[in-house]
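Taking it in order: structure first as structure tokens, then the write-up.
The values are calculated or read from the model by the stated rules, or taken from the named source; none is laboratory data. Being a predicted model, the structure only gives us computed values, none of them experimental. Glycine gets a Cβ as well: all are built from the backbone with ideal geometry, and neighbour counts include every protein chain shown. Protein only, heavy atoms only, side chains kept; ligands, DNA and RNA dropped before computing areas. Shrake-Rupley method; radii C 1.70, N 1.55, O 1.52, S 1.80 Å.
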Amino acid sequence: MRSRSNSGVKLDNYARIVQQTILRHQDPVTGLLPGSPDHPDAWVRDNVYSIVSVWALSLAYRKNADRDEDKAKAYELEQLDKVEKFKYSRSTSDSLHAKYNTKTCATVVGDDQWGHLQVDATSLFLLFLAQMTASGLHIIYTQDEVDVVQNLMFYIEAAYKVADYGMWERGDKTNQGITELNASSIGMAKAALEALDELNLFGAKGGPGSLVHALADDIQHCQSILTSMLPRASISKEVDAGVLAIISYPAFAVEDISIVNATKEEIISKLQGRYGCCRFLRDGHRTPKEDPNRLYYESAELKLFENIECEWPLFWTYLILDGIFINSPEQVQEYQEALEGILIKQKDGIRLLPELYSVPADKVEEEYMNPHTVERIPMGKLPLRWGQSLYILGNLLAEGFLAPGEIDPLNRRFSTIPKPDVVVQVSILAETEEIKELLFKQGIEVETVADIHPIHVQPSRVLSHIYARLGTNSLLGLTGRPYRRIGVLGTSKFYIIRNTMFTFTPQFIDHQQFYLALDNKMIVEMLRTEIAYLSCRWRMTGRPTVTFPVSQTMLTEDHSNLDPAVLATLKKLQDGYYGGARIQTGKLSEFLTTSCCAHLSFLDGKASGSMGRHDEEYDGDDDERYGDGYGAGYGSWNKDDDLAQYLDHLLAHSAPKKPKRPMGGLSRFKAAATKTKEMVTLMNKAQDLNIQNVNMYLPSKLFRSPQPMLNLNLPDSPASPDAQSGIPRDASGAIDYNALAQLLKDTQSLQDQADILYILYKDKGMDWDTGVHGKGSTVRSLLTDLYEKAGELKHWGLIRMISGMLRKKVEELDSACSDLLAHQKHLTIGLPPEPREKTITAPIPPDQLANLIDEASENNISVAILTQEIVVYLAMSIRTQPSLFSEMFRLRIGLIIQVMATELAQSLGCSGEEATETLMSLSPSELKNLLHHILSGKEFGVERSVREMDAGISPAISIHHLGNVGATKSERAGISKLKSDMKMVDRRLSMMDTLKVMIT
């Protein structure tokens, strides 16, 4: 009989350790592992880490098998991995529980009785699901399970703006259950999303239906916030040893090697002791000074825990693994030797890793005086299975039984390798032939939307609706991805949908959602920012392709030429370098072979006659055929699904009968859609989706219908209804709303129309039918029409007022808030004092944030909308110029608005009321410019435009930097002295003083 090889004997020893310390505690029915005999519940995070050693051992047996006996052991261990599929149900508060009953998988505590919201735990499960699947394990078997995983990805994708309890379950370090942004949660979510993106959960034999998808914008948002936070772990934790799992194995979530090294050095220098590392500074858990009768600490009490924090050997297992992955034998040896000295040896020879080492109660004073000198005692779980598993994994790797690539088949360990430079491809599209000719006269050759057929161009909003269908499962009650905006990384790809090529325009040109896109200067500024973002954040195969449409709103007032800001930008794009990025302009068809292309297979129907059918001839009376063939099953659509029907129409009309003469895309569409019913149906689909600028994507002349005009050409315009005398009243003295509606019809002034609609909005509601243009003329529809008219005239004061009534909000408002908080800034909204001024210290959902802004603005709709705008501008500035905020801790939006109005009043020599009106009437680009000058503390001037403005249109002002151009150094010094002598106000100092008040 052949004797066992040396490697086989060693593996048998590790198998015995795994069996004795981990597997023998596993529940035979659920497969879950309890925390310890004293803690019978099963924690998600502990279970995932514990099973890693089982997986690693199975890989080692498979790789080093020298007899059939070893192969049998490998299959047995892999079968155990199949059992290890954690099935969790969603709670009523939309937060998965952190621990479950080991025997029944039932919840063990109530939703509000534990810090359940731990994004890193769910993310860790998904990350190892991806790694194990990539290693060859078959874990997911059914389409229902694929949909569950996809929805779990949606659960974690917004981690960058979700305040949770973190990996230590108690929130901030005071243990008072205060949630906060945690680097450990954001980093693990980023790693899980990257690992699962485009992964086939059925393995090599899977089809398109078992692919799962992550959105690149969510991944990069996590990356941006994580980078801005590190080496800090959260608002309350300056440093946290748990971040080792983020900068190294298993997440490898940080791409900048300098941040990785700085964070690791911070952890080692501040947290490492003789028995491991502290979790974080002033951690009172299991210390002699902790009161065991209560969970929370008083703020002043944290000082008692300084220098006596418990030390966890667990973190040395991470540093051993880190040394293996960075190929540092010295680091591996150092921590292996240190760890061997503190492991607890059992009678059977097995070494166990304790949970932590604590200072004895009678040695506390000595440790206070001389930190890291007292002999500590082991406490807590023995072993800590999470740490025991990583200890075994480190030994298997260090002794050569496994190579790093075998437990990291997705190659996450290469995340810090520098990425190649990105060339951003930009395709400029003209909305009409007239705009195409204007561009040609300027030396810019472009295509129209009709010219690019068979490629279809749609706004980003449609892509958001498409992704909202991903992961839907009616049997399980899963609704798929929440409707969220798609960022520039998502819209810079080509998409194959039902065998048809689509491209999508960037979200920032969608003026229907928010009015920033009505300002051409803001559009080109955001284009520059987004191109720079693409050049540094693009990680996908192929180049990014930005589809930039030039529409009617980008022309001058007389429509004879392009807006100067837009034209200058288009010419810069032709030069090949813009916004710090390399640019290549061209036709969309030329970019097909070099661009990134995604196949959205989850939209593919199974039955014939589904979306993607190209009829030779379409009978418009046969509308019932749309949506046919969508039975139950993966990728199927409901007949009543507006999006499916909309795309059905779009694709069905894309290949009509061959015309007698060559036709462009518009002519093709006309040939296919000739009946009124067809045109109205398709237009309705577009309107149902709130597609902005429908004329750009559908034939404009076919669908352009006269809109209800509020400004009728009357000889005299009635007085403004602001005055009480101008408001019609009935015999009882109450407002006569029907007469007021008639007055609305007769008035020509846009401001008067807005004032009347505001009264109706406040008193009668948005859905009250005014009857101004027949049945259906609701307050909401008239406000929408007025918003469009004010947008055409760039009447910014009215635009902001109407936006407030229509409850428009910036889709990325909560992301902007998270950006500011991630840079360790607190945010206040509303004017002081409290309770009117509200302080925001942690991210909150967008609807809740919008409601908080309304409350703090005391229902002043213009102030509320202006607050949103300023939050977005502050976030833009802190991303690109964080140095502007270096001395600020609290950003007080209400006071910032006051300062801006005060500066306008002083510069323009006007009253406070006039200055406030001027502030509200500034264009978005002017407002952002004014805010930037105030933040920078530099001298600036504000002047009214000398150009005569039409009545009712926003006044133009000029904001410019003031400098002593042409003066010598001595002359500049003399000028400053003269200013001081004349007691003139130094604007820079006044700004800094004001800001100091704002941030106190």
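Quick notes on this structure:
- Sum of side-chain charges, Asp767 neighbourhood, beta-carbon under 14 Å (Lys, Arg +1; Asp, Glu -1): +3
- Take the Cα of Lys289, go 7 Å toward its beta carbon, and the backbone nitrogen atoms of segment 359-376 under 12 Å from that spot belong to 364-369.
- Projected label distance in nm at Gln442 and Asp12, using a 7 Å step from Cα toward the beta-carbon: 8.0 nm
- Seen from Ser185, the other residues with C-beta closer than 9 Å to its C-beta sum to a net charge of -2, counting Lys and Arg as +1 and Asp and Glu as -1.
- Cross-link table Lys587/Lys928; Lys521/Lys572; Lys436/Lys928; Lys10/Lys103; Lys345/Lys381, entries beyond 22 Å C-alpha to C-alpha: Lys587/Lys928; Lys436/Lys928; Lys10/Lys103
- Measuring nothing but how far apart in sequence close Cα pairs (under 8 Å, 6+ apart) lie, relative to its length, segment 344-472 scores a relative contact order of 14 percent.
- DSSP-defined beta bridges in segment 424-599 - what % are antiparallel, rounded to 5: 30 percent
- Peptides 436-444, 860-868 ranked from most to least packed by the mean count of surrounding Cβ atoms within 10 Å: 860-868, 436-444.
- Subtracting the Cα-Cα distance of Glu858 and Asp144 from 0.36 nm times their residue separation leaves 252.3 nm of extension gain.
- Here segment 6-414 is assigned +1 on the Cβ of each Lys and Arg and -1 on the Cβ of each Asp and Glu. Its dipole about the Cα centre then comes out at about 760 debye.
- Pairwise FRET efficiency - Tyr483 versus Arg890, Cβ, R0 = 41 Å, nearest 0.05: 0.80
- Signed unit charges on C-beta, dipole axis of segment 396-537, positive-most listed residue Ile417, Gly480, Tyr467: Gly480
- Loop-located trypsin sites (Lys or Arg not before Pro) in segment 755-860 whose Cβ has at most 10 other Cβ within 10 Å (DSSP): Lys775
- Solvent-accessible area per residue for segment 424-599 (1.4 angstrom probe, square angstrom): 38 Å²
- Taking 12 Å as the cut-off, the amide N atoms of segment 389-417 that come nearer than this to a point 7 Å along the Cα-to-beta-carbon line of Ile257 belong to 414-417.
- A DSSP coil position with no more than 15 other Cβ atoms inside 10 Å describes the following GluC sites (Glu not before Pro) in segment 341-394: Glu375.
- For segment 397-457 versus segment 124-168, the gap between their alpha-carbon centres in whole angstrom: 27 Å
- Take the Cβ atoms of Asp767 and Glu434, set R0 to 35 Å, and the FRET efficiency comes out at 0.35.
- The slack between Arg582 and Glu265, meaning 0.36 nm per residue of separation minus the straight C-alpha distance, is 110.6 nm.
- You can think of it this way: the chain between Glu198 and Glu914 has 252.2 nm of extra reach, that is 0.36 nm per residue less the Cα-Cα gap.
- Carbon + sulfur, % of accessible area of segment 424-599 - ligands and nucleic acids excluded, 1.4 Å: 50 percent
- Think of segment 860-938 as a dipole: +1 on every Lys or Arg Cβ, -1 on every Asp or Glu Cβ, centred on the Cα centre; then among Phe885, Thr916, Val872, Phe885 lies furthest on the positive end.
- Placing a pseudo-label 7 Å from each Cα along the Cα-to-Cβ vector at Gln881 and Val109 gives an inter-label distance of 4.7 nm.
- Within segment 832-940, GluC sites (Glu not before Pro) in DSSP loop having at most 11 other beta-carbon neighbours inside 10 Å: Glu858, Glu887
- Taking the accessible area of segment 6-414, probe 1.4 Å, and keeping the other protein chains in place, the carbon and sulfur fraction comes to 51%.
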